[in-house]
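The values are calculated or read from the model by the stated rules, or taken from the named source; none is laboratory data. Predicted model only: the values in this text are computed from it and were never measured. Note that each Cβ is placed from the backbone with ideal geometry, even for glycine, and that neighbours are counted across all protein chains shown. Each accessible area value is taken on the protein alone, full model and side chains, heavy atoms only, with ligands, DNA and RNA left out. Shrake-Rupley method; radii C 1.70, N 1.55, O 1.52, S 1.80 Å.
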Amino acid sequence: MDKERKLIIAGNWKMNKTVAEAIDLAQGLKRELGNLKDVDIVLCPPFTALGEVSKVILDSTLRLGAQNMSEHNVGAYTGEIAAVMLKDFSVRYVILGHSERRQYQKETDDLVARKALTAFNGSLIPIVCVGETLAERQAGQTENVVGTQIRGSLAALSKEQAIETVIAYEPVWAIGTGHTASPAQAQAVHAFIRRTLAEIYGEPAARKIRIQYGGSVKPANAHELMTQPDVDGALVGGASLEQRSFVDIIKNSI
Ligand code: PGA
């Protein structure tokens, strides 16, 4: 695929997999995908499996991501994980502001913005998630909601940091529901996000920023979604938990 931006496909394992299961999946993925160079592949296991998965994928092109991180660097924050601790396991990426965290942990754009800056200060690349609910879409509020999330969640970053950031557009109504956004629906919001980024950082910078689609991505819909002009990858939940389906998503996307 000849896009100016390199495709980035991440598997968000969410709260799934014991360490043994995670090692097993990572080994299988490494066997099938571990030499691919024309797509960035990121595995995001739960914190407890980062250490072992890191060892499995060490000598491969697969990269490691975490699913969350504290906005603080160190100190009395019970239950939190700092960027420097993720670096212990050679983590490169960190998912921030996933809609499940926005919903269940009440994460706000302001918090996500602080986490994104902390991530860069700790040499991690944030994958910043945005997306509207079904009610917001039906009320014609998609652009309002997503535009506000983009401006708020990236507010603390410099232009150079924004260029490195990965955005994940994940309509909440498509996550884990089997209702994928149509390629045209995804493209329309991705193009809107890029226009918003161009307003903030200028056109040349906006052209460099990678925007993933997430929400019920499967082998059968991956190709059509990934070939949309402003879709630069995928954040995959359920279908990343099985070796076969994650491998097929990657193979159908490149
Ligand atoms: P899903 O999840 O692929 O299971 O819809 C995507 C996500 O939440 O990142």
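Taking Lys and Arg as +1 and Asp and Glu as -1, the other residues whose beta-carbon sits under 13 Å from that of Phe89 total +2. For region 58-92 and region 195-238, what is the centre-to-centre distance using only Cα atoms, to the nearest Å? Distance between centres, Cα-based: 24 Å.
Other residues within the sphere of radius under 10 Å centred on the Cβ of Glu132, judged by their own Cβ, net out at -2 (K and R +1, D and E -1). Return the FRET efficiency for the residue pair Asp59, Ala135: r is the Cβ-Cβ distance, R0 is 41 Å, and the value is rounded to the nearest 0.05. That gives a FRET efficiency of 0.30. Spin-label model, Lys208/Thr108: points 7 Å from Cα along the beta carbon direction are separated by 3.2 nm.
Length gained on full extension, Lys251 to Glu199, computed as 0.36 nm times the residue gap minus the Cα-Cα distance: 15.3 nm. Based on protein heavy atoms only, region 1-91 ends up with 51 Å² per residue of surface accessible to a 1.4 Å probe. Residues Arg137, Arg244, sorted by accessible area with the largest first, give Arg244, Arg137 [1.4 Å probe; ligands and nucleic acids excluded].
Estimated at 0.36 nm per residue, the fully extended path between Asp88 and Ser123 surpasses their Cα-Cα distance by 11.4 nm. The alpha-carbon of Lys218 sits under 28 angstrom from the alpha-carbons of these lysines, leaving out residues fewer than 8 places away in its chain: Lys3, Lys6, Lys14, Lys17, Lys30, Lys37, Lys55, Lys208, Lys251. Working from Cα pairs under 8 Å separated by at least six residues, relative contact order for region 144-254 is 28 percent.
Counting each DSSP H run of 4 or more residues in the chain as -39500 (n - 2.57), what helix-only mean residue ellipticity at 222 nm follows after dividing by all residues, to the nearest 500 deg cm²/dmol?
Calculated mean residue ellipticity at 222 nm is -13000 deg cm²/dmol.
Across region 76-160, the mean sequence separation of Cα contacts (distance under 8 Å, 6 or more residues apart), normalised by length, yields a relative contact order of 33 percent. A straight Cα-to-Cα reach below 19 Å connects Lys87 with the aspartates and glutamates Asp40, Glu52, Asp59, Glu71, Glu164, residues fewer than 8 places away in its own chain not being considered.
Report, in whole Å, the centroid distance computed from the Cα atoms of region 121-185 and region 14-45. Here the two parts' Cα centres lie 24 Å apart. For the chain, the share of accessible area belonging to carbon and sulfur comes to 52 percent (1.4 Å probe, ligands and nucleic acids excluded).
What the Cβ-Cβ distance of Glu143 and Met15 gives, at R0 = 30 Å and to the nearest 0.05, is a FRET efficiency of 0.45. Rg and Dmax of the chain, both derived from C-alpha coordinates alone, stand at 16.8, 49 Å. For region 123-201, the per residue solvent-accessible surface stands at 40 Å², with DNA, RNA and ligands left out and a 1.4 Å probe. Ordering of 199-205, 93-99 by packing is 93-99, 199-205, highest average first (other Cβ atoms within 10 Å, averaged per residue).
Measuring nothing but how far apart in sequence close Cα pairs (under 8 Å, 6+ apart) lie, relative to its length, region 1-139 scores a relative contact order of 20 percent.
What are the equivalent ellipsoid semi-axes of region 63-192, built from the alpha-carbon gyration tensor (square roots of five times its eigenvalues), in whole angstrom, biggest first? Numbers along the way, then the final one.
Values: eigenvalues 141, 45, 39 Å².
Semi-axes (√(5λ), whole Å): 27, 15, 14.
Here each label is just a point 7 Å from Cα along the line to Cβ, and for Glu242 and Glu224 those points are 2.0 nm apart.
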